[in-house]
Amino acid sequence: MKPRFFRSIAAQIALLPAWLIVIFAYLGTIAWTIRISFTSTKVFPTYDFVGLKQYERLFATERWIISGQNLFIFGACFIIGCLIFGFLLAVFIDQKIRAESVFRTIFLYPYAMSFIVTGLVWQWTLNPTLGVQQTVRNWGWQDFTFDWLVRGDRAIYVIAIAGIWQASGLVMAILLAGLRGVDQELWKAAKVDGIPTWRVYLHIIVPMLSPMFVTATVLLATAVVKVYDLVIALTGGGPGISTEVPAKFVIDYLFNRQNVGLATAASTVMFITVLVVLAPWLYSQYFRGQRGRGA
């Protein structure tokens, strides 16, 4: 009994630095950020309590409203696109094709790249004077136009396309693991009954993979909330502020405009948004499972 007790104490002591980092460097900075958001801080921290004035000013700022709208558009296109293309890629790989490992590596490789690299690649590809538009015109189609990158009403969709290209491989890997766990007897029974393959996927396989779809959606949604470097590399927030996102809003007001109070208010709203996204998933994955086992 005593050796086990001493081993437990030794393990807790070994974990003490990690706990201190979590408590002070992580939770402490979150608490400090929330506290500053209720002050009139500009450049240097002040601790005068001004209530919700920063939040009122935040939601009265057109730039923040536009950034929220852009985040919603980007998030909807990004998550839906990644789930669809990721699932199709997973189905393709699951067909026991030749050189499967090669295709799996090719599809997953973009996810290993940073969003900065992805943004630069797509910036060069879609630049009207260098990329697809100019290439097609050099082939003889002088009237061809694909200038979404410089159009304020469509630039946000270019960012979504670049994000889908990068993150679909992650969804593919998650869903492929689920597809490989499907009992082959199910497919044999479907063939005997003459059920079309697409109906088997739509009505049987997709519901079976719902936990993996939820996991992929949570990961993608978290990436949506904190998207910053892809926007900076691809459009810089432009044209104008047509591709402004909350993370860029926070960084600009924190470092360029030197309005720490407003920046921390925006970051607090982002933090709450992440919690709202993660809470249902955490509940379904941990608390509900533990309650079921306890019952």
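Taking 0.36 nm per residue of separation and subtracting the Cα-Cα distance, full extension of the segment from Thr105 to Met208 would add 34.5 nm.
With the simple spin-label model, which puts each label point 7 Å out from Cα in the Cβ direction, the Gln69 to Ile97 separation comes to 4.0 nm.
Give the whole-number value, in cubic angstrom per residue, of the convex hull volume spanned by the C-alpha atoms of the range 166-206.
Spelled out: Cα convex hull of the range 166-206, divided by residues, is 63 Å³.
Packing, as the average of other Cβ atoms within 10 Å across residues, places the peptides 113-121, 271-279 in the order 113-121, 271-279, highest first.
Would you work out the charge dipole size for the range 1-122 about its Cα centre, treating the Cβ of every Lys and Arg as +1 and the Cβ of every Asp and Glu as -1, and quote it to the nearest 20 debye?
For the range 1-122, the charge dipole is close to 500 debye.
Pairwise alpha-carbon distances in the range 67-138 exceed 20 Å for 55% of all pairs. Based on protein heavy atoms only, the range 65-261 ends up with 52 Å² per residue of surface accessible to a 1.4 Å probe. Calculated mean residue ellipticity at 222 nm for the chain: -21000 deg cm²/dmol, from DSSP H runs with n ≥ 4 weighted as -39500 (n - 2.57), summed, divided by the residue count and rounded to 500.
7 Å from Cα along Cα→Cβ at both Tyr26 and Lys226: what's the point-to-point distance in nm? For Tyr26 paired with Lys226, the spin-label model returns 1.1 nm. Largest to smallest in accessible area, the residues Lys191, Lys248, Lys42, Lys226 fall in the order Lys191, Lys226, Lys42, Lys248 (1.4 Å probe, all protein chains included). Averaging 1/r over each pair of different alpha-carbon atoms in the range 1-125 and inverting the result gives 20.8 Å, the Kirkwood hydrodynamic radius.
Of the DSSP H helices in the chain, those that are both long (alpha-carbon extent of 15 Å or more along the helix axis) and hydrophobic (Kyte-Doolittle mean at least 0.5) are 2-20, 62-93, 115-126, 155-179, 210-225, 260-282. Label-to-label distance for Val192 and Phe59 is 5.9 nm, based on points extended 7 Å past Cα in the beta-carbon direction.
The alpha-carbon positions of the chain define a convex hull whose volume is 236 Å³ per residue.
The values are calculated or read from the model by the stated rules, or taken from the named source; none is laboratory data. Since this is a predicted model, take the numbers as computed values, not measurements. Quick reminder, even Gly has a Cβ in these numbers, built from the backbone with ideal geometry, and neighbours come from all protein chains shown. Just so you know, the surface numbers come from the protein's heavy atoms only, side chains and all, with ligands and any DNA or RNA stripped out. Shrake-Rupley method; radii C 1.70, N 1.55, O 1.52, S 1.80 Å.
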